[in-house]
Amino acid sequence: MTMPEIIRKVGLIACGGEELPEGTISRIAARLVLEELRPLHTVTLCLPLFLAGGEAERAFARRQPTITIDGCEKLCARRATATYSGRPAVSFIVSEFIDYKGLRPPIHRRTLDEDEIALTRALAEAVAAEVDTLVEAQRSGGLGGMLSAQKGDGQKVVFADGTDEGLPVCACQSGGPPARSLQLASGAVQVVALDAILAQFAREGRPADASTLQDMLALVKIYNAVPPEAETDYAAALQREYAGFLARREKQA
């Protein structure tokens, strides 16, 4: 039986600033990538939750390649990612992107005009292109290998002039979290980060009940493509895995 391809995903962390139009541009561009341009290969990570200590957001950014989209030179998204999870694989700065493209700076923070919509679309397409590069790198030998070939041993940060800056590679981002087999009623599938997810819920003292399984499935879907029609099958398999995981931990205690 041929195993289905593991769907690798890229995290997007957009600027949380609402006082600047560039912050609005960054958030809408991230939504365009997530919902329209690259829905299969991207997830968005909430910057406020990231800063507040959201473990799911921080864990994802530690294990998977992440793109930050900052509105201005304060680099809130990039700095938060670097502080709590490791430097992002790619970093966009909207204000510099605007200068480089020779576009009119945005002036609206809520309802965008025609030029601002065009700017947002251009930024989203640039981000989507970087998503493609990162996904292909994971398919063809790992993120670390791509970054080594692309820029010494550094991570890529996109500046206004199209150049990039070499940054130290975080070892935990070199290949993504490991996958292992999960036995569904319909057959075995490879699930990325399964053991880490089980361990996280066990550390939180969560029982193997319906509420826990719902949250666990949501986290599994961040790392893996789960067809809607297979969610019930996944939930039942996760319940079996988690119950067994808890039983083993109790026996070892």
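The values are calculated or read from the model by the stated rules, or taken from the named source; none is laboratory data. Just so it is clear, the structure is predicted and the values come from calculations on it, not from any experiment. All Cβ positions, even for glycine, are placed from backbone atoms using ideal geometry, and neighbour counts span all protein chains on display.
Values computed for the structure shown
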quantity: Considering residues of region 180-198 that are free of Cβ contacts under 8 Å to residues at least 40 places away in the same chain and in a helix (DSSP H, G or I) only, the residue surrounded by the most Cβ atoms within 10 Å (Cβ to Cβ); calculated: ILE197
quantity: Total residues in region 6-37, condition assigned to a loop (DSSP other than H, G, I, E, B), surrounded by fewer than 23 Cβ atoms within 10 Å (Cβ to Cβ) and touching an Asp or Glu at 6+ places or on another chain (Cβ under 9 Å); calculated: 1
quantity: Residue match in region 131-139 (condition: in a helix (DSSP H, G or I) and among the basic types (Lys, Arg)); calculated: yes
quantity: Whichever residue in region 71-110 is part of a strand (DSSP E or B) and not hydroxyl-bearing (Ser, Thr, Tyr) and, among such residues, is farthest from ALA128 (Cα to Cα); calculated: ILE93
quantity: Region 38-48, residues that are surrounded by fewer than 19 Cβ atoms within 10 Å (Cβ to Cβ) and either within 16 Å of ILE69 (Cα to Cα) or at pLDDT 90 or above (or both); calculated: VAL43, THR44, CYS46, PRO48
quantity: All positions within region 62-116 that are of a type in the set (Phe, Trp, Tyr), out of contact with any strand residue (DSSP E or B) (no Cβ under 9 Å at 6 or more places or on another chain) and modelled with pLDDT of 85 or more; calculated: TYR100
quantity: Test for ALA237: is it within 17 Å of LEU182 (Cα to Cα), assigned to a helix (DSSP H, G or I) and not basic (Lys, Arg); calculated: yes
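So that you can scan it fast, the table gives a plain yes or no per residue for (1) touching a Ser or Thr at 6+ places or on another chain (Cβ under 9 Å); (2) at pLDDT 85 or above; (3) under 22 Å from GLU73 (Cα atoms); (4) among the hydroxyl-bearing types (Ser, Thr, Tyr):
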{"residue": "ALA122", "(1), (2), (3), (4)": "no, yes, yes, no"}
{"residue": "GLU125", "(1), (2), (3), (4)": "no, yes, yes, no"}
{"residue": "ARG139", "(1), (2), (3), (4)": "no, no, no, no"}
{"residue": "LEU143", "(1), (2), (3), (4)": "yes, no, no, no"}
{"residue": "VAL157", "(1), (2), (3), (4)": "yes, no, yes, no"}
